[in-house]
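Report on one structure; see the data block that follows.
Here, each number is a calculation from the coordinates, and none is a lab measurement. As the structure is a prediction and not an experimental result, all values here were calculated from the model. Note that each Cβ is placed from the backbone with ideal geometry, even for glycine, and that neighbours are counted across all protein chains shown.
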Amino acid sequence: MRVVLDGTPLLGRRTGVGRYVENLLAGLADPARDEPATRPLELAATAFTWRGLDGLAEALPPGVAPAARRVPARLLQEIWAGGERLPIELLTGRADVVHGTNFVLPPLRAARGVLTIHDLSYLRTPDTVSAASARYTTLVPRGLRRAAEVITPSQAVAEEVIAAYRIDRDRVTATPLGVDDAWFDAVPPKPGWLEERGLPERYLLFVGTAEPRKNLRVLLSALRGLHGTYPDIPPLVLVGPPGWGAALDTAGLPARAVISAGYLDEADLRTAVAGAIALCFPSRYEGFGLPPLEALAAGTPVIAADIPAVREVTGPVVGAAVRLIPPADVDRLADALLDVIDGGHGGLADGSARAGGAAVAGPADPRRAGREHARTFTWRRTAALTAEVYRRAAGS
């Protein structure tokens, strides 16, 4: 069975979707992965680009072949927006299954389609998405009409997709993302590493693109209140590619209270997370919540927004390795930050870890509990669940 995946997110700097495609392909192509005796997968990846196509073959793991023609992405979008012209097989060759890994499933000739919908931010928080993401309001329904099967990263998004588009529950499968093994070996940075990057010894950390959905405005408001009352509040370090939207409002904060470290490669990112007092993840909306899981794997406390997808992936260790805060509650976020600054993992327990007014006993070692929970999320499982979806699609 020949499966062609959209590998466009592999080109350029890897953010969330790029890392999903990278690890999914590696998991599917892993020779150690258990394969049924019938219908083994023949894997190929395409990309919808003109300038970046030369980098596709290099970006693919062993066992995955490139299958693409050089076509301007904007031209493809215009053609596909007009209807069912130019089926994808004209660019990729024969395919039994085509997997649109990033919200978009092109027209198909004979292949069966699989579509990954990472979140519904373009519907749930339309004021926070870019113009490119806003186009998903048209592209996703069109892809759903073409798709035999739909993939989401969490059950929370699966339920949203089912409700929003009134599609059959049996067509939607949650394939939780994985945590790379290297995160469990992450160690805090040495002084020289910090000095080279202009970072202090103690810091809070945010990882992600600085866009409105990430809710940095509320995080900065909480920090502003702390700096106005308490001395020696550690700075917030922002790690990630340049974002979009209004500039961050740092008025009322001391100099160097917010430090931008820019985009870090995977090894440096793991080091930065392992050295942080806590990972701050205040998003208004998410489809999964991989940064909190990676922080848990690195032994770092997590303060995150209490939203469905994040609660789904962190629930068993909330009150021990994680504290969840309503995304609009500045005061409770400030309290949580102060508690973890003063007490580390010991400051994470709050009302969410209590029942009937009495504290619920947490694990003796919350750092170990967080790591053990993170180990249950593997890319091997992601790949296995996805391969099952391909076979269902091909047989439908």
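Structure data summary
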| read-out | value |
| --- | --- |
| Percent of Cα pairs exceeding the 24 Å cut-off, where the set is the stretch 181-374 | 34 |
| Under 5 Å, built H, 5+ apart or other chain: amide partners of Leu5 | Ala44, Ala45, Thr46, His99 |
| Between helix 216-227 and the chain: long-axis angle, C-alpha atoms, 0 to 90°, nearest 10 | 10 |
| Charged-residue dipole, Cβ positions (Lys, Arg, Asp, Glu), the stretch 181-374 about Cα centre, Debye nearest 20 | 280 |
| Extended-chain gain in nm, criterion 0.36 nm per residue less alpha-carbon gap, Asp170 and Asp342 | 57.2 nm |
| Selection from Gly208, Ala305, Gly228 lying farthest towards where the dipole of the stretch 181-374 points positive, charges on Cβ | Gly228 |
| Mean Cα-pair separation over length for the stretch 181-374, i.e. relative contact order, pairs under 8 Å, 6 or more apart, % | 22 |
| Residue-averaged 222 nm ellipticity for the chain, from DSSP H runs of 4+ at -39500 (n - 2.57), nearest 500 | -10500 deg cm²/dmol |
| Electrostatic dipole magnitude of the chain [Cβ: Lys, Arg +1; Asp, Glu -1; Cα centre; debye, to 20] | 1120 |
| In the stretch 49-153, GluC sites (Glu not before Pro) in a DSSP loop with at most 14 other beta-carbon atoms within 10 Å | Glu84 |
| FRET E, pair Val187, Tyr230, Förster distance 35 Å, beta-carbon r, rounded to 0.05 | 0.75 |
| Spatial extent of the stretch 218-320: Rg and Dmax, with the Cα atoms as the point set, Å | 14.3, 38 |
| Rg and Dmax [Cα atoms of the chain; Å; Rg one decimal, Dmax integer] | 21.7, 66 |
| FRET efficiency estimate (nearest 0.05) - Cβ-Cβ, Ala267 to Ala163, R0 35 angstrom | 0.30 |
